[in-house]
Amino acid sequence: MSRSVDRLVEIMAALRSETGCPWDREQTHQTLRPYLIEEAYEVLDAIETGDDGAFCEELGDLLLQVVFHAQIAEEAQRFDLDAVADRIVDKLIRRHPHVFGDVKADTASEVLENWEKIKRAEKSGVDGSILDGVPGHLPALLQAYRIQEKAERVNFDWTRVEDVIRKVREEFDELDEAVGRGDRTRLEEEFGDLLFSMVNLARHVRVTPEDALRKSNRKFIDRFRYIEKTLRLNGESLEDASFERLDALWEEAKRHPADKG
């Protein structure tokens, strides 16, 4: 395996060389940012499909992004791929004393609690927050989930799901009131509070909101495509169909064998 990685590093260096690829030579850390995000999401898509071939290929594309950034950094004499690997090796050993040391941690929650303690110790003397480790560019749902996870690890969280549900209802009532008043500023604020509370509920019932919403998006797409296909087969136009006709087809799509929702 190390030979394959070494070969990948060699190819990347060749692509960035003076006799290499013009496009690859022009890239910077900034220009590659969209590709890094895109490749990560393509890995997620491959996981959802369960296609091992696609999963392996997409992981390779994501690995290429890591090697690409490391090559650019090495050319600027900042660090190289070995330094990247050394950093994560050191971090994994340091933050898993229950495996590589004499600390006891028998459950996943104990592991996470120790992890946060170690992180805080690493940053002792530095002003900051336990929330500093949550990336600012995460999708909002995932960011809310990570923020709440961090807060939970220092016991700033509801202990009963019933309390979380009550909070969700409270936030919905406040949103309903803002809608009635037509206050756009408050409406946006209350809508955000409701979403944040829904993410909290998702955590308490062991649902990942990002995954749940992606599945609902996929379900909507599948059902809507069923509507479009049915209309085409019947010589009907999507634009000319009434809402009642579309709604009837939607209900039909829900009963269709291909629909799993």
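Observations on the structure shown:
- Between SER216, SER197, the distinction of being out of contact with any helix residue (DSSP H, G or I) (no Cβ under 7 Å at 6 or more places or on another chain) and either at pLDDT below 95 or not aromatic (Phe, Trp, Tyr) (or both) belongs to SER216 only.
- Selection from region 1-23 of residues that are polar (S, T, N, Q) and either touching a strand residue (DSSP E or B) at 6+ places or on another chain (Cβ under 6 Å) or not in a helix (DSSP H, G or I) (or both): SER17, THR19
Rundown of residues vs (1) among the β-branched types (Val, Ile, Thr); (2) at pLDDT below 95; (3) within 27 Å of the chain's Cα centre (by Cα), yes/no style:
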site: GLU10; (1), (2), (3): no, no, no
site: LEU15; (1), (2), (3): no, no, no
site: GLN30; (1), (2), (3): no, no, yes
site: PRO34; (1), (2), (3): no, yes, yes
site: TYR41; (1), (2), (3): no, yes, yes
site: GLU58; (1), (2), (3): no, no, yes
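- Unmet criterion (only one of (1) of a type in the set (Val, Ile, Thr); (2) modelled with pLDDT of 95 or more; (3) closer than 30 Å to ASP157 by Cα) for THR230: (3)
- Matching entry among VAL154, VAL168 (being among the β-branched types (Val, Ile, Thr), within 30 Å of LEU44 (Cα to Cα) and either at pLDDT 95 or above or assigned by TED's automatic domain parsing to the domain that holds GLU48 (or both)): VAL168
- Here VAL154, VAL161, VAL111 are screened, and the one residue that is over 25 Å from LEU195 (Cα atoms), touching a residue at least 12 places away in the same chain (Cβ under 8 Å) and more than 20 Å from the chain's Cα centre (by Cα) is VAL111.
The values are calculated or read from the model by the stated rules, or taken from the named source; none is laboratory data. Nothing here was measured: the structure is a model prediction, and the numbers come from that model. Every residue, glycine as well, gets a Cβ built from its backbone with ideal geometry; the counts of neighbours run over all protein chains shown.
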